[in-house]
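Everything on this sheet refers to the single structure shown next.
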Amino acid sequence: MGKYVDGFVLVIPQDNAEAYKKMAEDGRDTWMQCGALGYYECRGDDLVPQEMGGEKARAFTDMAGAKEGETVWFSFIIFKSKEHRDEVNAKVMEEMGKKAEEYKDFMMPFDMKRMAYGGFQVEVEG
């Protein structure tokens, strides 16, 4: 079995982009300290759909339902395997549990109901 990736697509209000980036930096530090191989948070920049093979690709903004004043972020965390992902995420949840009181009044900078998440088995790597 090869590497494993947890992937996320999020809709972030542009007014909350810096707050989200700060939250993501804290997340990066935790995941990396707990053993993740890589952690990426990518803000949408060129989201105009391109023609590919005679067909126009669907825009991330349309797919994610982003509205005026919102942008799409594509984020992913890399692990050695699905088992490694489960081990690392258990450690992350333990760390977050220790900080629960510190973050009890924290307002998420995005709507969790509009976030997509999934685990992906890496099939081709370059």
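Summary table
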| read-out | value |
| --- | --- |
| Relative contact order computed over the chain (Cα-Cα under 8 Å; 6+ residues apart), in percent | 50 |
| Tensor-based shape of the range 1-125 (alpha-carbon gyration tensor, a/c under 1.5 rounded, otherwise prolate or oblate) | oblate |
| Reachable lysines from Lys56, criterion Cα separation under 22 angstrom, eight or more residues apart if same chain | Lys67 |
| Mean Cβ count within 10 Å, highest first, over the residues of peptides 113-125, 21-33 | 21-33, 113-125 |
| Where Rh is the Kirkwood radius over Cα pairs, Rg/Rh for the range 39-78 | 1.04 |
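Read-outs: derived from the displayed coordinates by stated rules, not from any lab. Values in this document were obtained by computation on a predicted structure and should not be read as measured data. No Cβ is skipped: glycine too gets one built from the backbone with ideal geometry, and neighbour counts run over all protein chains shown.
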